[in-house]
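Notes to accompany the following structure.
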Amino acid sequence: MANHESRQALWSVVILSPPYRSLIYQEPDYFPPLIWKPGLRVLVPMGTTNRLLTGVLKPSVALDFPSEIKDIHWPLERDPLISPEYLELATELANRHAVQTGVVLAGVLPGSLQRMPARLVSGRQGVRVDLPGYGSDRVRIRELASEWMEGQLDFFSRSSHSGKVVSVAKDPPWSIMPNARLQWGIMDALWERGNMSVTMLRKMFGPGAGSSLRSLARNGLVKIRIEDSHHIQKPCSPGILDYKLTSDQDNALSRLLPDLEKRAFKVNVLHGITGSGKSIVYMHLVRRCLEKGRSAFVLAPEIAIAVQLHALALRTLSGFRIVLHHGLKGAKSKEHLFHELGGSTGPVLVVGTRSALFMPLNNIGLIVIDEEHDESFKQEQGFVYQAKEIAHYLARRDKALLILGSATPDIKTYFAASQGRISLVPMQARVGKSLLPRVEFVDLKKDTQSFGPLSKICEAVLKETLSRGEQAVIMHNRRGYSPIIMCSSCSETAKCHNCQVSLTYHKNRQRLVCHYCGHSIPFSIICSKCRSSEFVPLGEGTEKVEEFFQKSLPGIRVLRLDRDSTRNPARTEEMLEEFARNNAQIMVGTQMLSKGHSFPNVTLGIVLDGDLGLGLPDYRSSERIFQLLVQLSGRAGRGEKPGKVLIQTRNPDHYCWKYVAAADYIGFFEEELRRRRIFGYPPFIRLGLIRISFSSLWKGKEKFISSLEKVVSDAGGRHGVKIMGPAPAPLSRLKNRDRFHLLLKARQWSDIRNAFTDLLPYLCKGGKVRASLDLDPLNML
């Protein structure tokens, strides 16, 4: 530690763990100045105990320095892993969302890169070396610094040894003793979150996790494997892109290829109806981009679609380096890929979901966002971001072409195209002889559900379709077996004690699960009101729908596509291939069914409840339903056989239905714009949502909320922002925290950020309240 008069060169260090702040440190005198570079990961002391935390170096821009400045303790690498461009991206995002840069980096970097490595290893002795703590044994630390500079000392790299990853090996029901709570906890965590490392499970469940994992593995319930860290693939098979394009595909490429060649930033909306062959257009553009020596991203909203696009790329882009990345990759796998791409000099294609954009790809020439309207491109948990905004930033920075593809573009995207701010490329005809399916609505008030969840009309059409040897997809946007469990004695419903929302019954697992906080309990419960143990499942989820058709249609095989059945990407791919090969006749699923799948023998689509979601307190509810139903309709009739879609509804006069039936995007767009202009919603204003939460047990919460109204009103007036609230959130309690919303409307994003920054000291005073800003919110719950 030194005072400001004798200090060495100063750096701003972005801390990658709480408090996530950027703090001033100075270079220590035991390392030469030339080793310190922007983007270098370092260890720095924090607080009175000088606990060592990981941080990232940024050039210091502070004007006021503390009287005493601590030294940077130690470098974690010889060359910066994080480039100046990557740091600039993180800084831009932090400024936009009014958070610390550390919050951004902690939200997007692979977790293993945020932690202190396991140990130092001496090359001379080949043994572990203990790094002295900050401020202790200066003689020893100088000796170690000398060894580091000579290349005789390095950190033991966790990534140099493959880690162990645990995955579910058997679908429920699971044979686990009811009192084996640790085993149930591990299985629930794996089922809800997907594959996890042994290290993470031990951190979550303590030292007993190891023996429980071994027991689960012996019983065949989990698989523990060495994580595969190889990513970049060079396919050897010949390409299959050289076939006759449709006139729409040819026209689209004739407009887009020149934009790609210009090496200039441009945004194009590829508005192609379902089945028009947008994926082939993407592959032609990617091939040309790679041939020009530039890298490309192709992003999909779901892992299942990313896997399909990756397979298409492997078949059609011979000789190029191709990688698949998504959130279910293990920690070691993510770290390896980060290193590989950061050091790559040639062109690479990265196919993946939204998080792929944070891989350090160099010299980007093309970014494709398929199904750009999909809400999955918005990260809602932790650091909140919109992948389309990241793509826009990267494309502008690297002078790349950005393609936003969809049959039902986001209203704001299409509005920008209609105003001439971005370009519009239409594709209005399907590939081959296929036509858009005929869409009909079934009024459930007249034709009630008599065959399980189906009306008589839907039952008859389904059985007729199956008798012809054709396939059907049936969508119900509720996973699980039953969304409500009711006590048969007193009619009390089972609720999550953390969130006060209904628990969903998952029959295969024999568990009641909260879909908001993940809490789960065995189905054998006692009513909190009358102490009865008799409960009745009400309503149906996809699990129950699958069970009904399996039992009611002998000889018919039924598959289910939802979050519960797609934990394993390999199993998802296998399921989709089975259905494509006609090895099953019905696929039941949630909205995942609507996303980009192509099954030529599917001639019937049925939506069990078209009204589901229309009543949500969200200005986008009609747009969301229109997009979902048009996309689902696009799964039918993609081969040479004509398709049909039946949508069950209790609200047959809703204005949205006529546009769905005609697949009339333009008509819906114009009607929706008219309504939004009247009520003052995007794209005519900027919208922000401040989410406020505090412990449900906090005694001062009523006083805080009543006093907040005046503070909010004053802040809105100062910044020209209309602020509505505070009002209880539609989901007013989650994870034992009460939740309130402030809705902000303004002409400029900067006004909303300034109002939030103004309110933040009051909101977070005393440490009882958490507050976050969501710009252009998609989820209003």
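Report, ordered by chain and residue number, the lysines lying within cross-link reach of LYS641, taken as a straight Cα distance under 20 Å and ignoring same-chain residues fewer than 8 apart.
Straight-distance partners of LYS641: LYS433, LYS463.
Amide H of CYS487 versus every other amide H placed in the peptide plane: which residues, excluding those fewer than 5 positions away on the same chain, fall under 5 Å?
GLU492, THR493, ALA494, VAL536
Given R₀ = 25 Å, what would the calculated FRET efficiency be for ARG531 paired with ALA180, taking r from the Cβ atoms and rounding to 0.05? Mind showing how you got there, number by number?
On the way: r = 26 Å, r/R0 = 1.03.
Efficiency for this residue pair is about 0.45.
Per residue, how large is the accessible surface of the chain? Use a 1.4 angstrom probe and give square angstrom.
Details: 33680 Å² over 781 residues.
For the chain, the solvent-accessible area averages 43 Å² per residue.
Need one number: nm distance between label points at LYS412 and LYS551, each 7 Å from Cα along Cα→Cβ, rounded to one decimal.
In this crude label model, LYS412 to LYS551 measures out at 4.6 nm.
Considering only protein heavy atoms and a 1.4 Å probe, what is the carbon-and-sulfur percentage of the accessible area of region 414-557?
50 percent
If the limit is 19 Å between Cα atoms, which of LYS329/LYS399; LYS164/LYS203; LYS378/LYS658 go over it?
LYS329/LYS399; LYS378/LYS658, as the Cα separations exceed 19 Å there.
Looking only at the chain, where both bridge partners belong to it, what percent of the DSSP beta bridges are antiparallel (to the nearest 5)?
Here the antiparallel bridges make up roughly 60 percent for the chain.
For region 81-93, in order, what is each residue's ³J(HN,Hα) by Karplus, 6.51 cos²θ - 1.76 cosθ + 1.60 with θ = phi - 60°, in whole Hz (x at glycine and Pro)?
6, 9, 6, x, 5, 5, 4, 5, 4, 4, 5, 4, 5
Summing Lys, Arg as +1 and Asp, Glu as -1, what charge do residues with Cβ under 13 Å from the Cβ of ILE521 carry, ILE521 excluded?
Residues close to ILE521 contribute a combined charge of +3.
When only C-alpha pairs under 8 Å and at least 6 residues apart count, what is the relative contact order of region 508-585, in percent?
Contact order relative to length: 17 percent.
For LYS745, go through the lysines and keep the ones whose alpha-carbon is under 19 Å away, minus same-chain ones fewer than eight residues off.
LYS412, LYS710, LYS722
Quick one: angle between helix 247-261 and the longest Cα principal axis of the chain, in degrees between 0 and 90, rounded to 10, please.
Rounded to the nearest ten degrees, it is 10.
If you stretched the chain out fully between SER17 and ASN251, how much longer would it get, using 0.36 nm times the residue separation minus the C-alpha to C-alpha distance?
79.2 nm
Of all accessible surface on region 285-366 at a 1.4 Å probe, what whole percent is carbon and sulfur?
Carbon and sulfur: 49 percent of the exposed surface of region 285-366.
Straight-line reach from LYS456: which aspartates and glutamates have Cα under 20 Å away, leaving out those fewer than 8 places along the same chain?
Those aspartates and glutamates meeting the cut-off are GLU440, ASP443, ASP447, GLU464, GLU470, GLU540, GLU546, GLU547, ASP609, ASP611.
Over the chain, calculate the relative contact order: mean separation of alpha carbon pairs under 8 Å at least 6 apart, over the residue count, as a percent.
10 percent
How much solvent-accessible surface does LYS278 expose, in Å² to the nearest 10, with a 1.4 Å probe and all protein chains in place?
20 Å²
Would you tally the net charge around ARG288, using a Cβ to Cβ cut-off of less than 10 Å, leaving ARG288 out, and scoring K and R as +1, D and E as -1?
Local net charge: +1.
Spin-label point model (7 Å from Cα, Cβ direction): what's the SER707 to LEU760 distance in nm?
Placing both labels 7 Å along Cα→Cβ, they lie 2.1 nm apart.
Mind checking the dipole of the chain: about its Cα centre, +1 per Lys or Arg Cβ, -1 per Asp or Glu Cβ, Debye to the nearest 20? Could the numbers behind the result be given before it?
Details: 106 positive and 76 negative charges, 189 e Å.
Here the chain has a charge dipole of around 900 debye.
Can you list residues whose amide H is under 5 Å from ARG479's amide H, if they're 5+ apart or on another chain and H is modeled 1.01 Å from N?
Excluding prolines and chain starts, which carry no amide H, the hits are THR542.
How much FRET efficiency would the formula 1/(1 + (r/R0)^6) give for LEU435 and LEU34, where r is the Cβ-Cβ distance and R0 is 45 Å, rounded to 0.05?
0.10
Just subtract the alpha-carbon distance of GLU640 and THR448 from 0.36 nm times their residue separation and send over the number in nm, one decimal.
Working it through step by step, the gained length comes to 65.9 nm.
By how many nm would the segment from GLU77 to HIS497 grow when fully extended, if each residue of separation counts as 0.36 nm and the alpha-carbon distance is taken off?
The GLU77-HIS497 span can extend by a further 146.6 nm.
Using amide H atoms built 1.01 Å from N in the peptide plane, name the residues 5+ places from LEU366, or on other chains, whose amide H lies under 5 Å from its own.
PHE297, LEU401
Report the net charge of residues surrounding ALA729, where surrounding means a beta-carbon distance below 10 angstrom and charges are Lys +1, Arg +1, Asp -1, Glu -1.
Net local charge, ALA729 excluded: +2.
Can you tell me the FRET efficiency between ARG571 and TYR516 if r is taken as the Cβ-Cβ distance and R0 is 45 Å, rounded to the nearest 0.05?
It comes to 0.95.
With labels modelled as points extended 7 Å from the Cα through the Cβ direction, what inter-label distance (nm, one decimal) is found for ARG142 paired with LYS223?
Once both label points are built, they end up 5.6 nm from each other.
The values are calculated or read from the model by the stated rules, or taken from the named source; none is laboratory data. The shown structure was predicted, so the numbers you read here are calculated from the model rather than taken from an experiment. Cβ sites come from the backbone with ideal geometry, for glycine too, and all protein chains shown count toward neighbours. Just so you know, the surface numbers come from the protein's heavy atoms only, side chains and all, with ligands and any DNA or RNA stripped out. Shrake-Rupley method; radii C 1.70, N 1.55, O 1.52, S 1.80 Å.
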